[in-house]
1. Residue pairs, Cβ under 6 Å, 6 or more apart or interchain, first in the range 119-142 and over 26 Å from residue 56 (Cα atoms) and in contact (Cβ under 8 Å) with a residue 60 or more places away in the chain, second in a loop (DSSP other than H, G, I, E, B) and hydroxyl-bearing (Ser, Thr, Tyr). List them.
2. How many residues are within 23 Å of residue 125 (Cα to Cα), free of Cβ contacts under 8 Å to residues at least 40 places away in the same chain and surrounded by fewer than 17 Cβ atoms within 10 Å (Cβ to Cβ) if we restrict to the range 99-113?
3. Being buried (at least 18 other Cβ atoms within 10 Å of the Cβ) and on the phi > 0 side of the Ramachandran plot: is that true of residue 39 here?
4. Residues that are without any contact (Cβ under 8 Å) to a residue 12 or more places away in the chain: find the strands (runs of 3 or more DSSP E) completely inside the range 151-197 holding 3 or more of those.
5. Can you tell me which residues in the range 81-134 are farther than 25 Å from residue 147 by Cβ, part of a strand (DSSP E or B), of a type outside the set (A, V, I, L, M, F, W, C) and more than 8 Å from the ligand (Cβ to nearest atom)?
6. Among the residues of the range 1-10, how many are buried (at least 17 other Cβ atoms within 10 Å of the Cβ) and at negative phi?
7. Taking the range 49-80, which residues are in contact with a helix residue (DSSP H, G or I) (Cβ under 8 Å, 6 or more places away or on another chain), surrounded by fewer than 17 Cβ atoms within 10 Å (Cβ to Cβ) and under 21 Å from residue 150 (Cβ atoms)?
Amino acid sequence: MDKEQTFPKDIWKKACKFGFIGCYIPEEYNGGGLGFLDNAFIMEEFTRADPGIGFILSVTLGAEVLIEYGSDAQKEKYLAPVPIGDAIMGIAITEPNAGSDVSGCTTMHAEKDGDTWILNGSKMFVTNGTIADHLLVLAVTDPDAERRHRRQSMFIVETGWDGFESTKIKGKAGMGASDTAELSFNNVEIPEENMVG
Ligand SMILES: Cc1cc2nc3c(=O)[nH]c(=O)nc-3n(C[C@H](O)[C@H](O)[C@H](O)COP(=O)(O)OP(=O)(O)OC[C@H]3O[C@@H](n4cnc5c(N)ncnc54)[C@H](O)[C@@H]3O)c2cc1C
């Protein structure tokens, strides 16, 4: 799988069955109700076999944001399917010109149009980018806010929506089994209820 750069779907499904995926997600949303340290122990054991396989646990990327800030309806719809293997998620923050400095992500923006937000821009190096069902996406919504880290909002975007495209990044130096992608958003319409905050 490392050589072929393919995501190990069968191992992911089996890991869900054993409760290894999203052990830190609350039980009411099908998780294990444990903590991040428990998740780290599980990841360490998977990574002992192969770092790309260890990254199976990252099918929950972005769950942390939903647990902390998501509405009950968002958690029910987008969080609950993940630990049981009914959905894969991810989080898209990094942009071609901004990584470590998250508040420097300025190219991706969302503009309000009635009850929807219109999302445009691109993201880089997104784990699960070509296999995810939905992604948490960071975009500028208030470019004039005085403090840089108050200019952005987080949205839940379903990858089947019009205007979304993902391109697999091939040839990483390692972790071939983990999917990494470049994303583009061209006038993607997001309903108001999919804004996390
Ligand atoms: C396999 C893989 C998967 C990834 N998955 C995701 C994902 O799912 N979602 C997502 O949004 N992003 C993802 N990323 C992107 C990752 O988060 C960024 O690569 C990371 O934030 C670093 O950003 P950068 O690559 O732009 O490097 P830069 O921010 O440009 O950093 C380059 C170098 O400068 C150093 N540096 C930067 N700022 C400072 C500072 N202030 N002081 C001292 N040193 C500094 C860094 O340590 C680094 O060595 C992934 C990347 C990889 C490689």
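1. Between residues of the range 119-142 that are over 26 Å from residue 56 (Cα atoms) and in contact (Cβ under 8 Å) with a residue 60 or more places away in the chain and residues that are in a loop (DSSP other than H, G, I, E, B) and hydroxyl-bearing (Ser, Thr, Tyr), the close pairs are 121/107.
2. In the first step, residues of the range 99-113 are kept if they are within 23 Å of residue 125 (Cα to Cα); the result is 99-110.
Checking the rest, the ones that are also free of Cβ contacts under 8 Å to residues at least 40 places away in the same chain come to 99-101, 107, 109.
The next check asks that each one be surrounded by fewer than 17 Cβ atoms within 10 Å (Cβ to Cβ); those that pass are 99-101, 107.
Matching residues across the range 99-113 total 4.
3. no
4. No strands (runs of 3 or more DSSP E) qualify here.
5. So in the range 81-134, the residues farther than 25 Å from residue 147 by Cβ come out as 81-90, 113-116, 125-134.
The next check asks that each one be part of a strand (DSSP E or B); those that pass are 89-90, 113, 116, 125-127, 134.
Adding the requirement that they be of a type outside the set (A, V, I, L, M, F, W, C) leaves 90, 113, 116, 127, 134.
The answer is 113, 116, 134.
6. Of the residues in the range 1-10, the ones buried (at least 17 other Cβ atoms within 10 Å of the Cβ) are 5, 7-8.
Narrowing further to those that are at negative phi: 7-8.
Within the range 1-10, residues that are buried (at least 17 other Cβ atoms within 10 Å of the Cβ) and at negative phi number 2.
7. The answer is 71, and nothing else.
Quick grid of which residues meet (1) within 13 Å of the ligand (Cβ to nearest atom); (2) more than 28 Å from residue 6 (Cβ to Cβ):
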site: 136; (1), (2): yes, no
site: 152; (1), (2): yes, yes
site: 166; (1), (2): yes, no
site: 170; (1), (2): yes, no
site: 173; (1), (2): yes, no
site: 186; (1), (2): no, no
site: 192; (1), (2): no, yes
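The values are calculated or read from the model by the stated rules, or taken from the named source; none is laboratory data. Given the structure is predicted, the values throughout are model-derived calculations rather than measurements. Virtual Cβ from ideal backbone geometry, glycine too; neighbours counted across all protein chains shown.
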